[in-house]
Amino acid sequence: MKTLVIDDDTFALKLLARQLALAGCHDVTLYEHARDALRQLELPDHGIALVFCDLQMPDIDGVEFVRNLARLGYRGSLVLVSGEGTRILHTVLKLAQAHHIHILAAISKPIAANQLQQLLAHSVLRSSANQQPASPARAVVQHHLPQALEQAIAGGELVNHYQPKVDMATGAVVGVE
């Protein structure tokens, strides 16, 4: 999923980019200036499904950026990010909704890893729903008997997956969880 991140704070920009990469989102374009991001979004085939936008930026702030998204007819998802209070986030959220822009979230900085995972899961579900015809949801329930688990362990059928812990300063893997 093509993702665009706009934040005038270089550290915050790189931190969110690293978090997105760790969450499995690798097609990410970073911009420190909203004008540059808008130029990208003006391209007819930009393909950007998700935008993270800081609200407090020089030149074009988050409010003006939202208005420009409406002008461009942007149909992807938007995540509003700010170090400002929740009142400002809520106000810009209402503005975006009034312009019929899909808001995935309005969250305070810094974004927690689990919060980002949830946002990306919702965004992927929304993208899938927009690309494929809707079908009724069905729950799949699987029952695993204790004997089947014992057999799987004995047969070496289980596969462990680990999430790396990364030192943000160096990018080095320092452990797993």
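Ranked from largest to smallest solvent-accessible area, with a 1.4 Å probe on the protein heavy atoms, R75, R39 come out as R75, R39.
In order along the range 93-99, the Karplus-derived 3J(HN,Hα) couplings, from 6.51 cos²θ - 1.76 cosθ + 1.60 at θ = phi - 60°, round to 4, 5, 4, 4, 5, 5, 8 Hz, and Gly and Pro are given as x.
Among R71, R35, R87, what's the order by accessible area (1.4 angstrom probe), most exposed first? If you can, show how the numbers build up before the last one.
Values: R71 145, R35 110, R87 200 Å².
Descending accessible area places them as R87, R71, R35.
Of all beta bridges that DSSP places with both ends in the chain, some 15 percent have antiparallel geometry. Of all the options P164, P58, P146, the one that moves most in a Gaussian network model of the chain with Cα springs shorter than 10 angstrom is P146. Charge tally for V166 (other residues, Cβ to Cβ under 14 Å; Lys, Arg +1; Asp, Glu -1): +1.
Each residue, K94 and K2, gets one label point 7 Å from its Cα in the Cβ direction; the gap between the two is 3.4 nm.
What order do K165, K109 take when sorted by accessible area (1.4 Å probe), most exposed first?
Solvent-accessible surface, decreasing: K165, K109.
Local charge sum around H100 (other residues, Cβ-Cβ under 14 Å, Lys/Arg +1, Asp/Glu -1)? Don't jump to the answer; show the numbers that get you there.
Values: positive: R67, R71, R75, K94; negative: none.
Every neighbour counted, the sum reads +4.
Backbone amide hydrogens, once placed in the peptide plane, bring V51 within less than 5 Å of L4, S77, L78, V79, excluding anything fewer than 5 places away on its chain. With an 8 Å cut-off on Cα pairs and a minimum separation of 6 or more residues, tell me the relative contact order of the range 1-122 in percent. About 24 percent, as a whole number.
Of the beta bridges DSSP finds with both residues in the range 4-102, what % are antiparallel, to the nearest 5?
On the way: 0 of 12 bridges.
In the range 4-102, approximately 0 percent of DSSP beta bridges are antiparallel ones.
In the chain, the longest principal axis of the Cα atoms and the axis of helix 62-72 are about 90 degrees apart.
How much net charge surrounds N114 when only the other residues with a Cβ under 15 Å from the Cβ of N114 are counted, with Lys and Arg +1 and Asp and Glu -1?
Details: positive: K165; negative: E177.
With Lys, Arg at +1 and Asp, Glu at -1, the neighbours total 0.
The values are calculated or read from the model by the stated rules, or taken from the named source; none is laboratory data. For clarity, every value in this text was computed on a predicted model and none was experimentally measured. So basically every Cβ, Gly included, is an ideal-geometry build from the backbone, and we count neighbours across all protein chains shown. Only protein heavy atoms, including side chains, enter the accessible area calculation; ligands, DNA and RNA are left aside. Shrake-Rupley method; radii C 1.70, N 1.55, O 1.52, S 1.80 Å.
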